[in-house]
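Asker: Mind looking over this structure? Questions follow.
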Amino acid sequence: MKKNILVTGGAGFIGSNFIRCAFKQPGFKGKIVNLDKLTYAGNPENLAGIQKKYRGRYVFAKGDICDYKTVLALMKKHDISVVAHFAAESHVDRSIFGPKDFIETNINGTFTLLEAARTFWAGRKDVRFHHVSTDEVYGSLGAAGKFKETTPYDPRSPYSASKASSDHLVRAYGHTYGLPVTISNCSNNYGPFHFPEKLIPLVILNALGGKPLPVYGDGLQVRDWLYVEDHCSAIWRIISRGRAGATYNVGGNCEMKNIDVVKGICGALEALAPSAKNPALGGRKYSDLITYVKDRPGHDRRYAIDFSRIKKELGWSPSVDFKTGLRRTVAWYLANEAWVENVKTGAYRSWLKKNYK
């Protein structure tokens, strides 16, 4: 594959892991252009060493996906044939208290990218616009069943509503203009470089600091967990071999109650960094820090993904089980204290202002 790829949001958690994944793919000889606005969760440190290692094949561009002129100029300058669209506001809690940014980025930003692609590609079929979405667009499940690609949309938060809207826009551009599009709806990701507002990194870092480990409601909400490197391999498979116009659900085959995830983190920490040796714990165990807090508004009860389509059509299945992935994740945070400290203190923001104006 010699095509040049525009990755939006490539300095974020999943986007940065995808860029690393793409460069490792056998036969990929193209260029990757990373367009990122560098909001609070975008951090070029997530791609440390990439520019040097892939000199001439990696380009970083600071910019907003809502800026049509910037997007179109990048596509023309670098002869982009694939758009891998990760850029999004993605935290449910933030969407509840401040939904405007989610509408701007997730809906208007996706529209802008689609328009730029439609203009630049002008009817070409040897191109691909891939949109990365979430299983949250489907709403909430009961005790049984799984989300399929045909499950009716039923978003419950401003975040999931904005992603549902962008999914519909992408499909509409495929049907109306013949734009070669694909969509993936994934379950909860976890792994290296995850910004610590999300459950797993938040619990890891709070535990190490002897702080409460917050669990919403009764902690019995169920999520399907997907190791981020597995997710990235699925996206590569879709981009390179997926059917134009198709949607693929990507899941980890790993349903876990939130409280069990938190307890699992505590167990992994005890094995890798025992609480008895951590002065911040004051003689307590990590599990002693678990604290139940008031549930958030509209909290979906259960998500579960049926990924049989991508397995059948593209031969993809997750390769990392939750116990292994969680241990790898905890080990990564323990081994990357400088990255953690920069993110926790906000020190990286000052560095960004100096280097990425």
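Just so it is clear, none of the values below were taken in a lab; they were calculated from the coordinates. These numbers were taken from a predicted model, which means no experiment stands behind them. With ideal geometry, Cβ positions are generated from the backbone for all residues, glycine too; neighbour counts draw on all protein chains shown.
Asker: Once you've got the Cα coordinates, tell me which of Lys263/Lys323; Lys37/Lys69; Lys24/Lys53; Lys163/Lys311 are over 18 Å apart.
Answerer: Lys163/Lys311
Asker: Still on this structure, I have one more. Between Ser317 and Glu197, how high is the FRET efficiency from 1/(1 + (r/R0)^6) when r is the Cβ-Cβ distance and R₀ = 45 Å? Nearest 0.05.
Answerer: 0.95
Asker: Defining a contact as two alpha carbons under 8 Å apart and six or more residues distant in sequence, what relative contact order in percent does the chain show?
Answerer: That works out to 17 percent.
Asker: Quick one: which residues, 5 or more positions from Arg302 or on another chain, have an amide H under 5 Å from its amide H? H modelled 1.01 Å from N in the peptide plane, none for Pro or chain starts.
Answerer: Leu141, Val222
Asker: Mean projection of the alpha-carbon convex hull of the chain over all orientations, in nm²?
Answerer: 17.2 nm²
Asker: How are the Cα pair distances of the stretch 103-164 distributed, in percent, across 5 Å bins from 0?
Answerer: Taking all Cα pairs of the stretch 103-164, the binned fractions are 4, 16, 20, 17, 15, 14, 9, 4, 2, 0 percent.
Asker: What nm value, rounded to one decimal, do you get for the distance between Lys211 and Lys29 when each label is placed 7 Å out toward the C-beta?
Answerer: So the label points at Lys211 and Lys29 sit 4.9 nm apart.
Asker: Apply the Karplus parameterisation 6.51 cos²θ - 1.76 cosθ + 1.60, with θ equal to phi minus 60°, to every residue of the stretch 47-62 and state each ³J(HN,Hα) to the nearest whole Hz, in sequence, with x for glycine and proline.
Answerer: Result, rounded to whole Hz: 10, 4, x, 5, 4, 5, 5, 10, 3, x, 10, 10, 10, 9, 10, 7.
Asker: Let me ask another. In terms of modelled amide H atoms, which long-range or inter-chain residues lie less than 5 Å from the amide H of Asn189?
Answerer: Result for Asn189 returns Leu226.
Asker: Please report how far the C-alpha centroid of the stretch 196-216 lies from that of the stretch 114-144, rounded to the nearest whole angstrom.
Answerer: 32 Å
Asker: Then there's this: Measure nothing but the geometry: give the 0 to 90° angle between the long axis through the Cα atoms of 322-335 and the longest principal axis through the Cα atoms of the chain, rounded to 10°.
Answerer: 80 degrees
Asker: By average Cβ neighbour count within 10 Å, what is the ranking of 195-208, 314-327, 158-171, 43-56 from highest down?
Answerer: The densest-packed peptide leads the list: 158-171, 195-208, 314-327, 43-56.
Asker: Per residue of the stretch 218-225, in order, report the coupling 6.51 cos²θ - 1.76 cosθ + 1.60 (Karplus, θ = phi - 60°) as ³J(HN,Hα) in whole Hz, putting x for Gly and Pro.
Answerer: Ordered by residue, 3J(HN,Hα) equals 8, x, 9, 5, 10, 10, 9, 9 Hz.
Asker: Follow-up question, since we're still on this one. Taking Cβ-Cβ under 4.7 Å as the only way to count a partner, pick out the unpartnered cysteines of the chain.
Answerer: Lacking a cysteine Cβ partner under 4.7 Å: Cys66, Cys186, Cys254, Cys266.
Asker: Which ³J(HN,Hα) values in Hz, rounded to whole numbers, follow from the phi angles of the stretch 116-121 under the Karplus curve 6.51 cos²θ - 1.76 cosθ + 1.60, where θ = phi - 60° and Gly and Pro get x?
Answerer: My calculation for the stretch 116-121 gives 5, 5, 4, 5, 5, 7 Hz in order.
Asker: Would you mind checking which residues have amide H under 5 Å from Tyr58's amide H? H placed 1.01 Å from N; only 5 or more apart, or other chain.
Answerer: Ile32
Asker: Angle check, please: helix 228-241 long axis (alpha carbons) against the longest principal axis of the chain (alpha carbons), in degrees 0 to 90, nearest 10.
Answerer: The helix 228-241 is inclined about 20 degrees to the chain.
Asker: In Å, what Rg and Dmax follow from the Cα atoms of the stretch 85-131?
Answerer: 13.5, 42
Asker: Taking only C-alpha pairs under 8 Å that are 6+ residues apart, what is the relative contact order of the stretch 236-337 in percent?
Answerer: It comes to 45 percent, rounded to a whole number.
Asker: In addition: Give me the aspartates and glutamates in straight-line cross-link reach of Lys148: C-alpha distance below 13 Å, same-chain residues under 8 apart excluded.
Answerer: List returned: Asp135, Glu136, Asp306.
Asker: Pop a pseudo-label 7 angstrom from the Cα along the beta-carbon direction at both Lys148 and Lys277 and give the gap in nm to one decimal.
Answerer: Taking the simple label geometry, Lys148 and Lys277 are separated by 5.1 nm.
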